[in-house]
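Inspection log for the structure reproduced underneath, given as structure tokens.
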There are 2 protein chains.
Amino acid sequence: MRIEFIAVGSELLNGDLVDTHTARLGRMLRSLGLGLNQGQTVADEHDDLVAALRAATQRADLVLVSGGLGTTVDDLTMEAASAMTGQELVEDRPTLARIQARYAALGRPLSDAIARQALVPSGAAALNNPVGSAPAVRLRHEGTTLFFFPGVPREFEALVEDHLRPWLDANAPVRPRRSHTFKTYGKTESGAAALLEGMDADPRLKIAYRAHFPSIQVTLHVEDDDLEAGDRLLTEAAHQARQLLGPLVHSEDPQVGFREAVAAAVAAHPASPTVAVAESCTGGLIGKMITDVPGASRWFLEAAVTYSNSAKIRLLSVAPDTLERHGAVSEEVARSMAEGVRLCAGADVGLATTGIAGPGGGSADKPVGTVHIAMATADQTTHRLLHLPFDRERNRTVSAWAALELLRRWALRPVSPS
Amino acid sequence: MRIEFIAVGSELLNGDLVDTHTARLGRMLRSLGLGLNQGQTVADEHDDLVAALRAATQRADLVLVSGGLGTTVDDLTMEAASAMTGQELVEDRPTLARIQARYAALGRPLSDAIARQALVPSGAAALNNPVGSAPAVRLRHEGTTLFFFPGVPREFEALVEDHLRPWLDANAPVRPRRSHTFKTYGKTESGAAALLEGMDADPRLKIAYRAHFPSIQVTLHVEDDDLEAGDRLLTEAAHQARQLLGPLVHSEDPQVGFREAVAAAVAAHPASPTVAVAESCTGGLIGKMITDVPGASRWFLEAAVTYSNSAKIRLLSVAPDTLERHGAVSEEVARSMAEGVRLCAGADVGLATTGIAGPGGGSADKPVGTVHIAMATADQTTHRLLHLPFDRERNRTVSAWAALELLRRWALRPVSPS
């Protein structure tokens, strides 16, 4: 089944808006074992629109269109569909009644421009829009099915789910495809690939790597017409990948990101540990990441963002002598910050960062990207030295991830080796 | 001049990647008084690619293509260009030499697949790529000029600047268009539009509003074939808009965002004030935003992320009685936090937030979205109560912006009215 997509709107071509519908449809179709074969982006110009609809209809079995269904003179998609099919625009009574009821409920007057949204090519199906005025529209022309959706993301997404997905379930030949994703941190794309080398010898199994800085997502895709054999292969391959990736994996759940994984690890620790953070180069980012997840107040006590030396001394009890002898960016100060914030806050775990995020502040023996992180518990203080090659923002991001990863791994192994 | 763009790559159609090149080219062309007329997204399939190139070449004067110039068997763009033009692929000697030198410098072996990137259709110009291997390619076919660029964003952007922009400067008919952008905070899109109502009576002047949550960008566009008259109109309109928008504007410079504007305002204050922050619901976000800007250490002393009551008492000297009587989310606690962090840190300004970001934690008299912010100086303590309707992330973002906006406006008016 050849499927094409047309995104309508001059705002997509003049740079005011980035088209995300293509990627969304692509992912949805892929999850059903289908695929998007081609896309077009067309301005709000009648002739361009008719030509694009005609070209896609000639090539494809299914044409999906978004945009140009609104109330302004720029909205020409239905006129273009009428011109291509030769079917005149007629008022769809149920749609008009729905729009009237919607405006009455909102207490707003119904203008001619709004009522115009009930016009669809004769013979087309006007489909219910629960979140807006313009209907989705489905029609057949020369053996091809066309779906039209409003371009507003909220409406587009709702109507694709309400009308396109059930239609595909009923009409599209299914090619069973299953996948399993591991979210990892700690290796580059090629580093992760090296760990899984040779795993994709079976031609039914494909491994895809996708970078979401600083995380790498590893996805196993299995295609097998035999449903059960495919499921078995995916289960086995996932088991093998889990062993090979080991502690690099923080999540196998699309809904769970790194922050949620850190929170879950701490929450799952039998001793219900509390955590306090001392941040220098990360400047509040660790606190922000921890508190991005609702419920952090159950285990997160406080963060001290100590940019100045005097704050490190006063809030974290770092010895002035340590700062003077080793400098603020040093293993000694990182350890002292982690231990200090742990004791001052009365927390079970203290986490600390100190480093040079750039672009300025580097020197010959402490270049930009030098970052010390430390984690203090009752038993011991752990330290890591990072040499980061990125820009300020990415250096800070990796520093925060590295510190939180220390915490996550500690929380998952409550009995620490000493 | 009709201009079309073709983005090549199956990853754009299966949802692994969102195409941002279309929007980038659209903005660039608009800034030159030109425009992108149509776009296509094509899979790594030879026949689809040839057909897309042919269709665009027939319609347009200039066709821009990205992607499919790499080293893998999926990279078919040059083969497709060869098939469309009927010009066989030939090795471009200078390009091969450049790639060889590049790999020698990197100390990596040069494979056949990499050397293949020096093949271009006979008669085409292979253009230098300073940041990668594949050259950009320019060719003429049936009166149309085609440019081919690598799809990797860093290379695409560099080569568009190096090769397309100079070509357009030399070959494209210029339609003078000027614009001026105000970055604002504090009103919705329609609120900002209401302030400027009636300003666009002159048909040469258009006002565009674009939301970058929580900021609204207001751009004045002027089109006038008379260059001087256009400049004059834009200057006058910008002056008028500046008056009407007043303190809502934090930047008129594309390079300066809100964070930089806050830092610049504090740095410009004659007394070189220092700042300390006490964060509850923002959880470190204010510290992060301040330290996103290099050089913050000159005025930013520290942030205390005090999620727990005990941290508010110990680090900010909030009285336990105040917490008990009014609750942590209250005007009294916000004021006490701002005053406390100011005194404890020895700063000139103390900034504080306390609130309920959601999704949980709300109650009948303190619903989700209730946020108190406060700013303490030597003279006085200012307080604002926000009722925010967004999700957790956006509620936290607005809380941080509102606090930093208090600081920015104070810094710009050093003599505070009392």
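The values are calculated or read from the model by the stated rules, or taken from the named source; none is laboratory data. No experiment lies behind these values; they were computed from the predicted model shown. Here the Cβ positions follow ideal geometry from the backbone for every residue, glycine too, while neighbour counts run over all protein chains shown. Keep in mind that these areas ignore ligands, DNA and RNA; they rest on the heavy atoms of the full protein, side chains included. Shrake-Rupley method; radii C 1.70, N 1.55, O 1.52, S 1.80 Å.
With respect to (1) at pLDDT below 95; (2) within 22 Å of B:Phe156 (Cα to Cα); (3) within 35 Å of the chain's Cα centre (by Cα), the lone exception for B:Leu64 is condition (1). Is it fair to say B:Gly246 is buried (at least 24 other Cβ atoms within 10 Å of the Cβ) and under 26 Å from the mean Cα position of the chain (by Cα)? Answer is no for this residue. Taking the conditions (1) hydrophobic (A, V, I, L, M, F, W, C); (2) under 26 Å from the mean Cα position of the chain (by Cα); (3) under 25 Å from A:Leu285 (Cβ atoms) in turn, B:Val371 satisfies each one other than (2).
Close Cβ contacts (under 6 Å, 6 or more residues apart or on different chains) running from residues in segment B:46-59 that are within 11 Å of chain A (Cβ to nearest Cβ) to residues that are assigned to a helix (DSSP H, G or I) and open to solvent by less than 10 Å² (accessible area, probe 1.4 Å) comprise B:Leu49/B:Ala80.
Touching a Ser or Thr at 6+ places or on another chain (Cβ under 7 Å) and either open to solvent by less than 50 Å² (accessible area, probe 1.4 Å) or not in a loop (DSSP other than H, G, I, E, B) (or both), is that true of B:Ala7? In short, yes. Restricted to segment A:171-219, and to residues that are in contact (Cβ under 8 Å) with a residue 60 or more places away in the chain and of a type in the set (A, V, I, L, M), which residue is surrounded by the most Cβ atoms within 10 Å (Cβ to Cβ)? Of everything passing the filter in segment A:171-219, A:Ala172 is surrounded by the most Cβ atoms within 10 Å (Cβ to Cβ). If the condition is being over 23 Å from A:Ile290 (Cα atoms) and under 36 Å from the mean Cα position of the chain (by Cα), then segment B:299-329 contributes only B:Trp299.
Looking only at residues of segment B:303-336 that are aliphatic (A, V, I, L, M) and open to solvent by 10 Å² or more (accessible area, probe 1.4 Å), we find that the one that is nearest to the other protein chains (Cβ to nearest Cβ) is B:Leu315. Of all the listed residues (A:Thr370, A:Thr377), the sole one being touching a residue at least 12 places away in the same chain (Cβ under 8 Å), closer than 21 Å to A:Met289 by Cβ and among the hydroxyl-bearing types (Ser, Thr, Tyr) is A:Thr377. Per the listing B:Ala347, B:Ala378, B:Ala403, B:Ala357, the residue uniquely away from chain A (no Cβ under 12 Å), of a type outside the set (Lys, Arg) and open to solvent by less than 30 Å² (accessible area, probe 1.4 Å) is B:Ala403. The numbered conditions (1) over 29 Å from A:Ile3 (Cβ atoms); (2) within 14 Å of another protein chain (Cβ to nearest Cβ); (3) part of a loop (DSSP other than H, G, I, E, B) are all true for B:Leu17 except (1). The set of residues in segment B:84-95 that are in a helix (DSSP H, G or I) and surrounded by 18 or more Cβ atoms within 10 Å (Cβ to Cβ) comprises B:Met84, B:Thr85, B:Thr95. For segment B:264-280, a residue qualifies if it is touching a Phe, Trp or Tyr at 6+ places or on another chain (Cβ under 9 Å) and hydrophobic (A, V, I, L, M, F, W, C), and the qualifying residues are B:Ala265, B:Val266, B:Ala267, B:Val275, B:Ala276, B:Val277.
Given the structure, is B:Ala347 among the hydrophobic types (A, V, I, L, M, F, W, C), over 23 Å from B:Ala311 (Cβ atoms) and outside any helix (DSSP H, G or I)? No: the conditions fail for B:Ala347. Being touching a Leu at 6+ places or on another chain (Cβ under 8 Å) and assigned to a helix (DSSP H, G or I) holds for only one residue in B:Ala56, B:Ala80, and it is B:Ala80. One residue stands out among those in segment A:350-368 that are assigned to a loop (DSSP other than H, G, I, E, B) and of a type outside the set (Gly, Ala, Ser): the one that is farthest from the chain's Cα centre (by Cα), which is A:Asp365.
For B:Ala52, are the conditions met, namely being in contact with an Asp or Glu (Cβ under 7 Å, 6 or more places away or on another chain) and under 16 Å from A:Ala55 (Cβ atoms)? For B:Ala52, the condition - in contact with an Asp or Glu (Cβ under 7 Å, 6 or more places away or on another chain) and under 16 Å from A:Ala55 (Cβ atoms) - is not met. Anything in segment A:220-243 that is open to solvent by 70 Å² or more (accessible area, probe 1.4 Å) and touching a residue at least 60 places away in the same chain (Cβ under 8 Å)? List them, or say none. Selection gives A:Arg242 alone.
Every condition in (1) touching a helix residue (DSSP H, G or I) at 6+ places or on another chain (Cβ under 7 Å); (2) open to solvent by less than 40 Å² (accessible area, probe 1.4 Å) is met by B:Leu119 except one, and the failing one is (2). Scanning segment A:262-298 for residues that are under 23 Å from the mean Cα position of the chain (by Cα), touching a residue at least 24 places away in the same chain (Cβ under 8 Å) and either open to solvent by 10 Å² or more (accessible area, probe 1.4 Å) or within 13 Å of chain B (Cβ to nearest Cβ) (or both) yields A:Ala263, A:Thr282, A:Leu285, A:Ile286, A:Met289, A:Ile290, A:Asp292, A:Val293, A:Gly295, A:Ala296. Picking from residues in segment A:20-44 that are at the interface with another protein chain (Cβ under 8 Å from one of its Cβ atoms) and assigned to a loop (DSSP other than H, G, I, E, B), the one that is surrounded by the most Cβ atoms within 10 Å (Cβ to Cβ) is A:Leu36. Checked against (1) touching a strand residue (DSSP E or B) at 6+ places or on another chain (Cβ under 7 Å); (2) more than 22 Å from B:Glu11 (Cβ to Cβ), A:Glu223 passes all but condition (2).
Close contacts from segment B:126-146, counting a first residue that is among the basic types (Lys, Arg) and a second that is open to solvent by 10 Å² or more (accessible area, probe 1.4 Å), with Cβ to Cβ under 8 Å and a gap of 6+ residues or different chains, come to B:Arg138/B:Ala124; B:Arg138/B:Ala125; B:Arg138/B:Leu127; B:Arg138/B:His163; B:Arg138/B:Trp167.
With a requirement of 2 or more residues that are more than 30 Å from A:Ser363 (Cα to Cα), the helices (runs of 4 or more DSSP H) lying completely within segment A:246-327 that satisfy it span A:258-268, A:285-291.
Do we find a residue being modelled with pLDDT of 95 or more and within 30 Å of B:Gly360 (Cα to Cα) anywhere in segment A:212-227? The answer is no; no qualifying residue exists. When we screen A:Phe182, A:Phe148 for residues that are under 30 Å from A:Ala126 (Cα atoms) and either in contact with a Phe, Trp or Tyr (Cβ under 7 Å, 6 or more places away or on another chain) or not charged (D, E, K, R) (or both), the only hit is A:Phe148.
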